[in-house]
Amino acid sequence: MLLEQPKMSLRRSYANGYKYCSRCRVYYLTESVRCPYCGILLRNSPRKKKSLRNTKTVKVTPELEKETAKLEVTVKST
């Protein structure tokens, strides 16, 4: 009986169902929770959140803050 080898990938692709082995440093597409080669637990998600370096920030001027303080919101329910 020939066992099917799990597919390997070098790209980060947790969204596509791949899992990462931190000992082998390879991504596998497998249903198992353990690495098929070394037996260590596979990661389902990254350890760190994505960097906020590329995010845009907006500075709010004091005049705009004063305007927003004056706004009133009313909700009507029927």
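Only the coordinates and a few stated rules stand behind these numbers; no lab work does. The shown structure was predicted, so the numbers you read here are calculated from the model rather than taken from an experiment. Counting neighbours? That spans all protein chains shown, and the Cβs are built from the backbone with ideal geometry, glycine included.
List the residues whose amide H sits under 5 Å from the amide H of TYR18, counting only those 5 or more places along or on another chain, with H placed 1.01 Å from N in the peptide plane.
none
First measure r as the distance between the Cβ atoms of GLU31 and THR55, then evaluate 1/(1 + (r/R0)^6) with R0 = 30 Å and state the FRET efficiency to the nearest 0.05.
For GLU31 and THR55, the calculated efficiency is 0.30.
Rounded to the nearest 0.05, what FRET efficiency is calculated for ASN16 and ARG47 with R0 set to 25 Å and r the Cβ-Cβ distance?
The computed FRET efficiency comes out at 0.85.
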